[in-house]
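Here's the structure, in structure tokens; my notes come after.
Where a number appears in this text, it was derived from the coordinates with a stated rule and is not lab data. This is a predicted model, so every value here is computed, not measured. Neighbour counts run over all protein chains shown; Cβ positions are idealised from the backbone, glycine included.
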Amino acid sequence: MFALDHELIIGNKLFPAVKNVELESSNETMSDLLKIDLAYYKKLDPSSIRPGTPVRFSAGYSQYGIAQEFEGLVNDVSPTQPYSVKCYDYFDSLNGEKISRTFTNTEAGSIIQMLLADNSYIDTSEIQMGSYIKYRPYQQKTKLFVIQDLAQLSGYVAFMRGNKLIFDKPDRLAPEKIPVYTYGNNLISDTISFSDKGEYSKIVIVSRFTDGTGKVLRAEKGDGARVKKIVLHDISQGELYDRLDTLFKQYCKGGYAGEITSFGFPQTTHSQQIQFFDKRYPDKNGQYLVTKNIMTYSDQGYRRKLSVVKHEV
């Protein structure tokens, strides 16, 4: 029988007893939310878990070890014991810092490194440079808004994994070892099924040039009323069509999708690829992209529910 194990550190204090922990992350919000229901601690000083305090949570089984699930900051604490604590990852902390500045003739990644140069929590050492920004003004915009805007302009995703900022193309995010979910092993259940319809029926991308020429490029694929439109800047015709094909596959093509529920392991997060195996239904087997991750941990068990779509390789 598996023995549950975890490590919760808030500030410099270790909390060996928790009633319930829930983590939610997705590639829509790009920010992780951790909710913790602590056990009753008789001598706990409430000032040790005030908003802004660093938090790390890891979970697993004693037979396999634990893996880090979350790193971030306390956002809110209930007024009385036993405390309920709400935490967000470091990305969300950028939502309160506003800037007014115009960036010219520099790479998106360089802008991000400059914005976060004084941030002691976020590691930007592995971000990619992204698009060359000729002209981009921001007036009273948060640093989070700027980073997400630069990600869209570059055709990138931007989110946190631990204390590292990921700023890269989605198809370059595959880990060295892809997590494997197998029926009869670590997989409890799944709702994966085939649909011939995607989330959208048509993709439209517009590229507006900021060099004063007024040039506008447009590319579209698909038909129907369910349209996803994206406006970019200074993207060439060739790159425009490359992004169009990628987005069409992601949002418009039908295929296998659904949810899988596991015993918590292996550790997995959104925007990650997984391998799915079920010998009963071989057509469903293959690589899937994780769009949402919900992890729960309590004395009732360690569970992970993933929303997934089949990934073309």
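Among 220-231, 64-75, 102-113, the peptide with the highest mean count of other Cβ atoms within 10 Å heads the list, and the full ranking is 64-75, 102-113, 220-231. In straight-distance terms, cross-link reach from Lys177 covers every one of the aspartates and glutamates whose alpha-carbon lies under 19 Å from its own, apart from those fewer than eight places away in the same chain; here that gives Glu69, Glu126, Asp168, Glu312.
Computing Rg and the Kirkwood Rh from the Cα coordinates of the range 247-302 gives a ratio, Rg/Rh, of 1.01.
So what is the calculated 222 nm ellipticity per residue for the chain, using -39500 (n - 2.57) for each DSSP H run with n of 4 or more, over all residues, to the nearest 500 deg cm²/dmol? Taking each H run of at least 4 residues, the total per residue is -3500 deg cm²/dmol.
Note on Thr182/Asn105: beta-carbon distance plugged into 1/(1 + (r/R0)^6) with R0 of 51 Å gives a FRET efficiency of 0.50. The mean sequence distance of close C-alpha pairs (under 8 Å, at least 6 residues apart), as a share of the length of the chain, puts its relative contact order at 17 percent. Compute the separation of the alpha-carbon centres of the range 78-101 and the range 138-157 and state it in Å as a whole number. About 19 Å separates the Cα centre of the range 78-101 from the one of the range 138-157.
Using the Cβ-Cβ distance between Phe2 and Thr246 with R0 set to 30 Å, the FRET efficiency works out to roughly 0.15. Its Cα centre serving as origin, the chain has a Cβ charge dipole (Lys and Arg +1, Asp and Glu -1) of approximately 520 debye. For Lys13, a cut-off of 27 angstrom between C-alpha atoms picks up these lysines, skipping any fewer than 8 places away in its own chain: Lys35, Lys42, Lys43, Lys86, Lys164. Summing charges over all other residues whose Cβ lies under 14 Å from the Cβ of Ile49, with Lys and Arg as +1 and Asp and Glu as -1, gives +3. The P(r) of the chain has a tail past 35 Å containing 29 percent of all C-alpha pairs.
Compared with the rule-of-thumb size 2.2 N^0.38 Å for a compact globular protein, the range 271-313 has a Cα radius of gyration ratio of 1.36. Check cross-link reach from Lys215 to the lysines: straight Cα distance under 20 Å, and skip same-chain residues fewer than eight apart. By straight Cα distance, Lys215 reaches Lys134, Lys229.
The residues packed around Ala67, meaning those with a beta-carbon under 14 Å from its beta-carbon, carry a net charge of 0 if Lys and Arg are +1 and Asp and Glu are -1.
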